[in-house]
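Undergrad: First, the structure itself, so that you have it in front of you.
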Amino acid sequence: MRALDDTICAVATPPGEGGIAIVRVSGPRALEVARGLLRNADGSGVSLEPRYATFVKVVNPRNNRILDEAIAILMVAPRSYTREDVLEIQCHGGRAAANAILDAVLSMDVRLAEPGEFTLRAFLRGRIDLIQAEAVADIIHAETAESLKIHERLLQKKLSEEVGEWQRKLGDALVHLESYLDFPEEELELQGARELTDSLKVAASRMREKLGSYSWGRTARDGFRVAILGLPNVGKSSLLNALAEEERAIVSPIAGTTRDTIEIKINALGAPIHLVDTAGLRVSSDEIESEGVSRARRAANEADLLLMVFDGSRELAPEERDEARLLAERGSFLAVVNKTDLGDHAANAVEEILGIQPLKISAKSREGIELLLGALRERAWSGEGPTTEDPLTRLRHRNQVSAALERVELGISLLESTDYADAAANELQAARRELASLLGWGTPEEIVDRIFEEFCIGK
Ligand SMILES: Nc1nc2c(ncn2[C@@H]2O[C@H](COP(=O)(O)OP(=O)(O)OP(=O)(O)O)[C@@H](O)[C@H]2O)c(=O)[nH]1
Ligand SMILES: [Mg+2]
């Protein structure tokens, strides 16, 4: 784990031009940095009142030359983001001013922060738990109002508190069980045993319910990946453009137009969807087109839904039938017959071989596009749509809750035959450890490191 006793520094705002940039310093030398770098307008030394904004001149401590004018804010430990002394200097935007100040700070026995290191310190010092730390990253990465809302609630400890409640229930059961294990001659009364399992069953059903929210929570966080697949020239790129309402991909009557996969994010009636346009599937002697086809297959492997496009202006080709069968077997699949302004010749054959009715659309006239957006939305939200305000959004959360639930369920079944009270207690303890690890307590270091690697510098 990274050291906590040194002072770190980073530019917290994204690179590029903007009104202001913020240089952030955290650690025991933050006050020293303020003293060395900041002056009042008349050149005298500043004394910063904690948590108040002060107008300052920032100077190079070696030659007292002014680097920029800025607003400085000092937050004294433990009342700061990291629970350490924190100094924030709001200087002019753009790279030069912030970098000059950063260089000056770095010359004062301060080191450059790693990505996410400020938040890591907040976590390691116990100001936030791991779920909250992850929520910070997810708020920064959020692209939709839905995702923002969910992760703001995670930051407000909605999930952490729920996990705490499950832990308490398990803890109560353990106390009960352990007193029985200490004095087995008193026997776990039938009444007590029943109450114990009932209360554990309540916890288990809450956990099960939570797990059920993962599929839409994940969609809200990451978006739902839809790969548009089909033979060359069926109108995949035209469909991408029609769904996105922008001329993003090149469309042409020449088969084999698209080579690279083209990705675009759309909002399908409220559902965040990542559309991936791909090269037409065919065997080609052209090296570049063949690479395009392997990329299309890779996109299919990574997609949550395969959207296969057929050409309504002609009958199905034999290789198209085989392709359709193979892709449909692979999982979530949706068939559309395009170019219905020219006919729907392919529709019956598609229904015949796949046993599903294709949606009939025309990328050209936009007929059926709204219906298709509705179908995509339904698939993205797994039909039922948002079931709770607080879904699980990360695989890590899902895995931890599921591991804990398994232990609780085993514990319950052991309790139902009271001879195994000590084995049941072991399971409940294990479940508690899984939940603690979800909150970040006792979580393996490499998992914690991986989480903070996702962060940007300065957060
Ligand atoms: N009439 C009609 N023509 C369409 C429709 N959709 C696409 N086309 C035409 O079909 C041809 C191929 O369209 P693309 O969108 O490039 O097809 P593609 O599937 O992306 O083709 P590749 O990238 O080569 O695999 C173009 O000439 C389009 O204008 C439609 O709904 N109706
Ligand atoms: Mg194309």
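Undergrad: Looking only at strands (runs of 3 or more DSSP E) that lie completely in the stretch 1-106, which have at least 2 residues being farther than 26 Å from residue 140 by Cα?
TA: Ranges flagged: 54-59, 66-75.
Undergrad: Limited to the stretch 18-29, what total is found for residues that are open to solvent by less than 10 Å² (accessible area, probe 1.4 Å) and either on the phi > 0 side of the Ramachandran plot or out of contact with any strand residue (DSSP E or B) (no Cβ under 6 Å at 6 or more places or on another chain) (or both)?
TA: 1
Undergrad: Let me ask something else. Could you check the stretch 30-45 and list, in sequence order, the residues that are surrounded by 15 or more Cβ atoms within 10 Å (Cβ to Cβ) and touching a helix residue (DSSP H, G or I) at 6+ places or on another chain (Cβ under 9 Å)?
TA: Listed by number, the residues that qualify are 33, 36, 37.
Undergrad: Going by what's in this entry, would residue 359 be described as open to solvent by 30 Å² or more (accessible area, probe 1.4 Å), aliphatic (A, V, I, L, M) and either within 33 Å of the chain's Cα centre (by Cα) or within 16 Å of ligand 1 (Cβ to nearest atom) (or both)? Explain how you work it out, then say what you get.
TA: Numbers: open to solvent by 30 Å² or more (accessible area, probe 1.4 Å): yes; aliphatic (A, V, I, L, M): yes; either within 33 Å of the chain's Cα centre (by Cα) or within 16 Å of ligand 1 (Cβ to nearest atom) (or both): yes.
Considered against the rule, which asks whether it is open to solvent by 30 Å² or more (accessible area, probe 1.4 Å), aliphatic (A, V, I, L, M) and either within 33 Å of the chain's Cα centre (by Cα) or within 16 Å of ligand 1 (Cβ to nearest atom) (or both), residue 359 comes out as yes.
Undergrad: Tell me, which residue of the stretch 204-238 that is in contact with a helix residue (DSSP H, G or I) (Cβ under 8 Å, 6 or more places away or on another chain) and near ligand 2 (Cβ under 10 Å from one of its atoms) is farthest from residue 167 (Cα to Cα)?
TA: 230
Undergrad: Just to be sure I understand, how many residues within the stretch 199-234 are within 16 Å of ligand 1 (Cβ to nearest atom), out of contact with any Gly (no Cβ under 6 Å at 6 or more places or on another chain) and open to solvent by 10 Å² or more (accessible area, probe 1.4 Å)?
TA: Total satisfying the criteria: 1.
Undergrad: Sticking with this one: Being among the polar types (S, T, N, Q) and outside any helix (DSSP H, G or I) is the filter here, so list the residues in the stretch 120-169 that pass it.
TA: Once the filter is applied, which keeps residues that are among the polar types (S, T, N, Q) and outside any helix (DSSP H, G or I), the stretch 120-169 yields 144, 156.
Undergrad: Hey, could you check the stretch 239-251 for residues that are within 9 Å of ligand 2 (Cβ to nearest atom) and in contact with an Asp or Glu (Cβ under 6 Å, 6 or more places away or on another chain) and say which is nearest to residue 371 (Cα to Cα)?
TA: Once the filter is applied, the top-ranked residue is 240.
Undergrad: Looking only at the stretch 94-133, which residues are out of contact with any helix residue (DSSP H, G or I) (no Cβ under 6 Å at 6 or more places or on another chain) and charged (D, E, K, R)?
TA: 95, 103, 109, 111, 114, 117, 121, 125, 127 - these are the residues of the stretch 94-133 that are out of contact with any helix residue (DSSP H, G or I) (no Cβ under 6 Å at 6 or more places or on another chain) and charged (D, E, K, R).
Undergrad: Next up: Among the numbered conditions (1) at negative phi; (2) open to solvent by 50 Å² or more (accessible area, probe 1.4 Å), tell me where residue 196 comes up short.
TA: (2)
Undergrad: Restricting the first residue to the stretch 267-283 and requiring it to be open to solvent by 20 Å² or more (accessible area, probe 1.4 Å) and at pLDDT 90 or above, which pairs with a second residue that is within 16 Å of ligand 2 (Cβ to nearest atom) and assigned to a loop (DSSP other than H, G, I, E, B) meet a Cβ separation below 8 Å and a spacing of at least six or different chains?
TA: Final answer for the pair search is 282/231; 282/232; 282/255; 282/256.
Undergrad: I'm checking my understanding of the structure. Among residues of the stretch 250-266 that are within 7 Å of ligand 1 (Cβ to nearest atom) and open to solvent by less than 70 Å² (accessible area, probe 1.4 Å), which one is nearest to the chain's Cα centre (by Cα)?
TA: Only one residue tops the list, namely 258.
Undergrad: Among the residues of the stretch 328-342, is there at least one that is part of a helix (DSSP H, G or I), under 34 Å from the mean Cα position of the chain (by Cα) and either hydrophobic (A, V, I, L, M, F, W, C) or at positive phi (or both)? Steps first, please.
TA: Taking the stretch 328-342 and keeping what is part of a helix (DSSP H, G or I), we get 328-329, 340-342.
Of the ones still in play, those that are also under 34 Å from the mean Cα position of the chain (by Cα) are 328-329.
The next check asks that each one be either hydrophobic (A, V, I, L, M, F, W, C) or at positive phi (or both); those that pass are 328.
Scanning the stretch 328-342, I find at least one residue that is part of a helix (DSSP H, G or I), under 34 Å from the mean Cα position of the chain (by Cα) and either hydrophobic (A, V, I, L, M, F, W, C) or at positive phi (or both), so the answer is yes.
The values are calculated or read from the model by the stated rules, or taken from the named source; none is laboratory data. Keep in mind it's a predicted model, so treat the numbers as computed, not measured. Neighbour counts run over all protein chains shown; Cβ positions are idealised from the backbone, glycine included. Just so you know, the surface numbers come from the protein's heavy atoms only, side chains and all, with ligands and any DNA or RNA stripped out. Shrake-Rupley method; radii C 1.70, N 1.55, O 1.52, S 1.80 Å.
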